[in-house]
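Written out below as structure tokens is the structure these notes cover.
The values are calculated or read from the model by the stated rules, or taken from the named source; none is laboratory data. Being a predicted model, the structure only gives us computed values, none of them experimental. Note that we place each Cβ from the backbone using ideal geometry, even for glycine, and neighbour counts take in every protein chain shown.
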Amino acid sequence: MFDVIRAVATRHDGTARIAREAVEDFRADGCVLLELRTTPKHLPGEGVTKRSYIEAVLRGLEEAQQQWREQKQREKKQQQLQERQQQQQQHQQQEQQNQQQQHEQQQHHQQQQEQQHEDRDVKGGEESPVMDEDDMLVRLVLSIDRREDTAAAMETVKLAAALRSEGAPVVGIDLCGDPAAGQWQTWLPALRAARAAGLRVTLHAGEVPNAGETAAMLEFGPDRLGHMCCMTEELEAQLWASKIPVELCLSSNVITQSVPSLAEHHFREFAAAGHPVVLCTDDSGVFATSLSKEYALAAEAFSLSEDELVDLAAAGVRHAFAPDDERRRLLARVEAFRGRRLAERSSGAGAALRARAGAAGPCNYDLPIRDEMGPSIADTAAWKALQEHVVDIEQTHLKDLMLNQQRCEALIKEDLGLYIDFSRQRMTQETVKVVGDQGWALWQPVVAHGAVAVVRSQRGTQNAGRGTALAGRGVRAHEASQREPRQQQEQQQEQQQEQQQEQQQEQQQQQ
């Protein structure tokens, strides 16, 4: 496949187009950071040198960026036009509503609106086309082909360093190609030269069993490693100790049969070991994938929560070949996305509670509440039994709640890894705040004896069982709380009857 691609991609204009469309595809996929890799080609028959080839790639990258900036400028102008039209419509409506007012007031208001429009036009005309905050950061990594000799590898490193000094977005060197070709010592001088020049280094490693070479690569200590599919126990221990981030490409590894299946991918081992990983596409065109697809595959195969996926994205930024200021800016965007998603989930859950509260009245919980982000345990016997005992929280229960609040919170934290922030003011759906530890995937409020518990969390069936047990304890506590008022009422009735009998006896004696 790669030999065919090399045979047809020989013209500068074609190379520029491929680079431009690659950037467009990744931007359309929602990518915020793209490190493209390409091996500089020397094709004397086509008039292509390594430098002219990379310059064509850089031209394609710049064309993609320039087209995006122009598109954003058009969108911005269109938005300004729409805002102006809306303001004009609002102004006309206001004029109609205020037509009974004095003419001087109408004229003064109109002059203010026109002045605002003029100020906005002047300000908009002075703005220069700058890169928006939602732009995608694009950088280039030059690859050394394993079939190249030392001189050719050194030529690639020198080219990368020269282009970087000229201001090109070249950030690193990669070693790739047929894993069965070449010897590690052949490219080691070039890789050392790259490091000395301030270029970052990533190595395709462990694609096939070759313990000696993989150990030598680990000893070299690159900034990142790629794949690492074939490792002995000794190599695994060496990797864990090194903390070198590993680029994992799920689709590529399965299609090339580097791993038997997605379910058996070593992503699971890396996650269990807490080793830093970065999800990548390898070759999105060759393997018919995208970055979002790789994230979706990881989420499905390894049961990752949304927060864990955001953590993966953040790891990709932290281990990127980018300056600290750029990584900080991108990390802020990732965390801002996390915050928005958290707010959306919280808002959706709160809206469901408020809707039910409005229909049922204060302090009346209409159960169960099913969240669309996960399965419900509303069909369990314990849940159904609990529903039968859920009643309005009366004022008399608030005292019990205050006494038991600390114990209830500790119990919930222990059983579910979640916590409840109880309101000391009004026990309604709006004042009960439920906060999850790993993604807010699903929660179910349970009311029993004036307390609220969570009976299902992202952690799975084990916590669901604990939550069911907690709900059962709540049912029993509620039943006990209901028995006490009945016993007191019966005692009061008996006392009243005795008093009435004594009064009747006294009346008879007086007669």
Single match in E63, E46, E118 (criterion: more than 38 Å from the chain's Cα centre (by Cα) and modelled with pLDDT of 80 or more): E46
Here is a list: L239, L225, L235. Which entry is under 29 Å from E21 (Cβ atoms) and among the aliphatic types (A, V, I, L, M)? L225
Within the group V310, V278, V259, V286, which residue is in contact with an Asp or Glu (Cβ under 9 Å, 6 or more places away or on another chain) and not in a helix (DSSP H, G or I)? V278
crowded, with 18+ Cβ neighbours inside 10 Å, out of contact with any Asp or Glu (no Cβ under 8 Å at 6 or more places or on another chain) and of a type in the set (G, A, S) - does that describe any residue in segment 209-223? no
Quick one: which of E207, E234 is in the same structural domain as G274 (by TED's automatic domain parsing), acidic (D, E), under 19 Å from C280 (Cβ atoms) and over 24 Å from the mean Cα position of the chain (by Cα)? E207
Could you please give the count of residues in segment 38-54 that are part of a helix (DSSP H, G or I) and either more than 25 Å from H204 (Cβ to Cβ) or among the small types (G, A, S) (or both)? 4
Which one is surrounded by the fewest Cβ atoms within 10 Å (Cβ to Cβ) among residues in segment 13-67 that are touching a residue at least 40 places away in the same chain (Cβ under 8 Å) and basic (K, R)? R51
How about segment 309-332: which of its residues are touching a strand residue (DSSP E or B) at 6+ places or on another chain (Cβ under 7 Å) and either of a type in the set (A, V, I, L, M, F, W, C) or modelled with pLDDT under 90 (or both)? L312, A315, V317, A320, F321, A322, L330
For segment 182-196, give me each residue that is basic (K, R) and crowded, with 19+ Cβ neighbours inside 10 Å. none
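Yes/no matrix, rows are residues, columns are (1) farther than 30 Å from G167 by Cβ; (2) of a type in the set (A, V, I, L, M, F, W, C); (3) within 19 Å of the chain's Cα centre (by Cα):
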| site | (1), (2), (3) |
| --- | --- |
| V246 | yes, yes, no |
| S252 | yes, no, no |
| H265 | yes, no, no |
| S284 | no, no, no |
| A288 | yes, yes, no |
| A298 | yes, yes, yes |
| L304 | yes, yes, yes |
